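Visitor: The structure that follows is given in the form of structure tokens.
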């Protein structure tokens, strides 16, 4: 269940918006995250291989991942209505 009524709900889009607000404040155009913790925190996906996330100052982030993790990441994103796979 992915609703705000769920006690385990994490608002990942709000996390991205928070990063983007900090980027705007610091005049940063692009954030490139490659650490495992950063990927999990921003994408709600576990990517143990070489992956990275690109977060623009505005708009949706883009994840780049190794072929082995592509299916796992796609499964996560299929449940997010605001994300295109």
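Visitor: For segment 12-78, what does the relative contact order come out to in percent, with C-alpha contacts under 8 Å and a separation of six or more?
Guide: 30
Visitor: How far, in nm, would the chain grow between residue 64 and residue 3 when pulled straight, counting 0.36 nm per residue and subtracting the alpha carbon separation?
Guide: Going from the current span to full extension adds 19.3 nm.
Visitor: Further, regarding this structure: Please arrange 4, 17 by counting, for each residue, the other beta carbons lying within 10 Å of its beta carbon, fewest first.
Guide: Working: 4 6, 17 11.
Placing the least packed residue first, the sequence is 4, 17.
Visitor: From Cα coordinates alone, what are the radius of gyration and Dmax values for segment 12-78 in angstrom?
Guide: 11.8, 36
Visitor: On full extension of the chain, what length is gained from residue 32 through residue 50, given 0.36 nm per residue of separation minus the C-alpha to C-alpha distance?
Guide: Details: separation 18, 0.36 × 18 = 6.48 nm, distance 1.31 nm.
The residue 32-residue 50 span can extend by a further 5.2 nm.
Visitor: Here's something else I'd like to know. If neighbour count is taken as other Cβ atoms inside 10 Å, put 16, 55 in order from fewest to most.
Guide: Ranking 16, 55 by Cβ neighbours within 10 Å, fewest first, gives 16, 55.
All of the numbers you see were taken from the coordinates with simple rules; none came from a lab. Predicted, not measured: the structure shown is a model, and the values here were computed from it. Quick reminder, even Gly has a Cβ in these numbers, built from the backbone with ideal geometry, and neighbours come from all protein chains shown.
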